[in-house]
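The values are calculated or read from the model by the stated rules, or taken from the named source; none is laboratory data. Here the structure is a predicted model, which is why all the values come from computation and not from measurement. Reconstructed Cβ throughout: ideal geometry from the backbone, glycine too, with neighbour counts over all protein chains shown. Accessible surface areas use protein heavy atoms only, side chains included; no ligands, DNA or RNA. Shrake-Rupley method; radii C 1.70, N 1.55, O 1.52, S 1.80 Å.
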Amino acid sequence: MYQYEYKTLSDLAELAERYGVGLSEVVLRHETETTERTEADVHELMAARLAVFRESIRSGLADTEKSVSGLVGGDAAKLEAAGARLLGPLPHKAATYAIAINEANAKMFKIVACPTAGSCGILPAALIATAEILGKSDEECLRPLFTAAGIGAVVARNASVAGAVGGCQAECGSAAAMAPAVAELAGSTNEQILHAFALCMKNTLGLACDPVAGLVEVPCVKRNGVYAVMAVTAAEMALAGIKSVIPPDEVIEAMDRIGRNMPVALKETAEGGLAKTRTGMEITKRLTENAI
């Protein structure tokens, strides 16, 4: 039994309250306990992941070529060049960065799965966009990453982060719900972070995983952009004192039940949803014929 072991978000909050620390500190201490690494080593590992986040944004924006399938590529650069016309600077950055990272994933560039490759743009985009707007350093970005990692671990333990198991609510949904940890950069309380998680996760429940032609490109890339904005929105709500009526752990329970009840056709099989639209099937046929 570890001193900082947690199985639920309630456990995580209780430990933080008991020791008078932030959620991120509990996650950090748990990591040092379970891996037998020093705090400095764990920080270094997380900093390395942050560096990959930044490089994925840069490479995703710089490379405007299409992916091998021809389905995605260059949209992040378009969004950046167009500037913010309806969104404010922060959500515009978040959407742009999320699409850039997911385009990088589609082109097989180096990314960090957080929690999966298909949802890799959401958390990094929300975090880095928020940090840039608020003028926060890389060192300050590490704590929200630990918080997000702890939240993601609880979701993975009590539900799933795999689209093949729980639909895209488990992938983009989990990523989006982890991302409101960025509220920590704005001085949030532990309770606000967990309410931000719940506010975000509730609005992803039932999301189908329906990749066209079985590729993590359509609708995945743009979905990352939309959900990065939703994550920031949930954080903003929580910072204003808005709370989720349904407690965070109960939201995870609901997500798990929905995933189990979801038809197999909507769980990363490309046998339903957008993958079975007329255009989706035409794309699948074209790519299949070209591969032969």
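Annotations
- Here the Karplus curve 6.51 cos²θ - 1.76 cosθ + 1.60, taken at θ = phi - 60°, turns the phi angles of region 179-193 into couplings of 5, x, 4, 4, 4, 4, 5, 9, x, 5, 8, 4, 4, 5, 4 Hz, with x standing for Gly and Pro.
- Estimated vicinal HN-Hα couplings, Hz - region 68-74 in sequence order (Karplus 6.51, -1.76, 1.60; Gly, Pro = x): 4, 6, x, 7, 9, x, x
- Relative contact order of the chain, pairs being alpha-carbon contacts under 8 Å that are 6 or more residues apart, as %: 19
- Percent carbon-and-sulfur accessible area, region 140-270, ignoring ligands, DNA and RNA, probe 1.4 Å: 58
- Dipole of the chain, positive end: most advanced residue of Val72, Met201, Pro248 [Cβ charges, Cα centre]: Val72
- Peptides ranked, highest mean first, by Cβ atoms within 10 Å: ranges 171-178, 34-41, 84-91: 171-178, 84-91, 34-41
- Averaged per residue, region 177-234 has 28 square angstrom of accessible surface, using a 1.4 angstrom probe with ligands and nucleic acids left out.
- Taking region 1-133 as the region of interest, the number of lysine pairs whose Cα atoms are within less than 27 Å, with members eight or more places apart or on different chains, is 9.
- Angle between the chain longest axis and helix 39-62 axis [Cα atoms, degrees, rounded to 10]: 30
- For peptides 107-115, 47-55, 231-239, sequence by mean Cβ density within 10 Å, most packed first: 231-239, 107-115, 47-55
- Candidate lysines - alpha carbon under 22 Å from Lys276, same-chain residues fewer than 8 apart omitted: Lys222, Lys267, Lys285
- Paramagnetic reach from Thr64 in region 75-102 [backbone N under 14 Å; point 7 Å along Cα→Cβ]: 75-83
- Rel. contact order, % - alpha carbon contacts under 8 angstrom, at least six apart, region 120-214: 32
- The order of the peptides 129-139, 267-277 by mean Cβ neighbours within 10 Å, most packed first, is 267-277, 129-139.
- Surface share of carbon and sulfur [accessible, 1.4 angstrom probe, percent] for region 82-136: 62
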